[in-house]
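Please read the structure below before turning to the comments.
Taken together, the values in this text are just the output of simple stated rules run on the coordinates, not laboratory data. Here the structure is a predicted model, which means the values were calculated and not measured. FYI the Cβ positions are ideal-geometry reconstructions off the backbone, even for glycines, and counts take in every protein chain you see.
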């Protein structure tokens, strides 16, 4: 199959994806530590999607493990005391940037997650009647076609390099075929992008305006400049764009397709730091499963869905989750929902109970829930535009990875984790030390582990000693050690210098030989403060780490 390039002339897609180039060297899938999905909130266990249509979709489970699993590198969003659901702005305090940067959807930039008081005009009733931003269809809306073409072109660049992508490519081709069948079209992949390309070329017609004005008439124009005739058929820009005939589903699909294209840009990493690549592959496997679900629904695309249960089903009983989604989308399509509506619904349902523990806790729990589902940090300040959107498929695929058996259990467990992280980030030494003593092993997930590692950099001697002791003790448990190892290795790839330093020091505390190669790499390539932390951790990794320092001493940069 050939590589296709899609030129997008419209401004509908706010996050156009450029065609990626194939790496000059073959890229092999990273060999990383495979951990049990139960050790992380966001380790997916998805199979390679099937190309066969199931008349009874969504009823089967997917137990196969992914080749590369990686915890979601999303930074915490601890809340500060504030009235319940008053405003999201004070919720998120500065924290290390997550490895996954803020992802811009093809829709306009996100707006703030600001939830008004109960007496404000912003209420479930008024919000529920608002149209889904970007869910407008029509003959001129080719966003789905352009997003599909961009992803197919990007996948061409990686063909044969990552076996994990075969399922995704299979589902993308299947989706294109189903969309074309709905339009009564039969064409090859090569010709499927012709409409988009020719439609895009129209936007450059102004370059020839001056030349056309000098011509005596239509007869003087070259044949290539003549208007397309009716018999041009599929290659005419006036041909109907690909669509599921459901604007909300089209919008959700565009969001997922562009997200896949952005994830592909994280592949092809050279060197031992491969956590981001593994994380992207894990997410792409989940997206392949989403596209499989959409394809299985193709026979019912034209039938308006009224509830989440008509669209997705969990592999095991998870009471409360789909009911919550239906409450969020009341009066809307179940396929997509504004993030601020999810926040409002969550606070209305759980705000009173959680505020008894701490004011503003409901907001903090919901923000963590949303950021984990979206795989990105949410904006902390007002932004123009209709706001970030969450699809039912993002909601479903994330919940499938959770250990929590119900929505109520998830809210309770996440609230405890959020409170623990807030206490670990406290400026009061007594609060921090108490949190360290009482922190149960199972509650120290990604956000808590990152908070512990930060204390190794910014804490005083007493706090740093307590953190080191706690990490060494807890790392004796295999489940905790795997979870901590993935978290700290991931921190080595963070853009923030202090986060990388914290990751180095934490790896030294758990004496992880798996971290020796990445630490040596940082000794050779990073800034001096990171190199020093890496050297210190290598010395703590025992004889193997000391040998690496001695063997590579000549290649390590020296001060000055």
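What is region 265-312 by shape, rounded, prolate or oblate, if you read a ≥ b ≥ c off the alpha carbon gyration tensor as root eigenvalues and call it rounded for a/c under 1.5, prolate for a/b larger than b/c, and oblate otherwise?
Because a/c hits 1.5 or more and a/b exceeds b/c, region 265-312 counts as prolate.
Quick one: 336, 303, 173, 510, fewest Cβ neighbours within 10 Å first, how do they rank?
Working: 336 27, 303 10, 173 17, 510 22.
So the residues, fewest neighbours to most, are 303, 173, 510, 336.
With r as the distance between the Cβ atoms of residue 495 and residue 465 and R0 = 30 Å, compute the FRET efficiency 1/(1 + (r/R0)^6) and round to 0.05.
0.55
Could you please tell me the mean projected area of the C-alpha convex hull for region 425-555, averaged over all directions and given in square nanometres to one decimal? All intermediate terms of the calculation are to be shown ahead of the outcome.
On the way: hull surface 30.0 nm².
Averaging across all directions leaves 7.5 nm² for the Cα convex hull.
So how far apart, in nm, are the two label points at residue 536 and residue 310 if each is 7 Å from Cα heading toward Cβ?
If labels sit at residue 536 and residue 310, their model points lie 5.9 nm apart.
Calculate the spin-label point distance for residue 300 paired with residue 381, positioning each point 7 Å from the Cα along the beta-carbon direction, and give it in nanometres.
Placing both labels 7 Å beyond Cα along the Cβ direction yields 4.5 nm.
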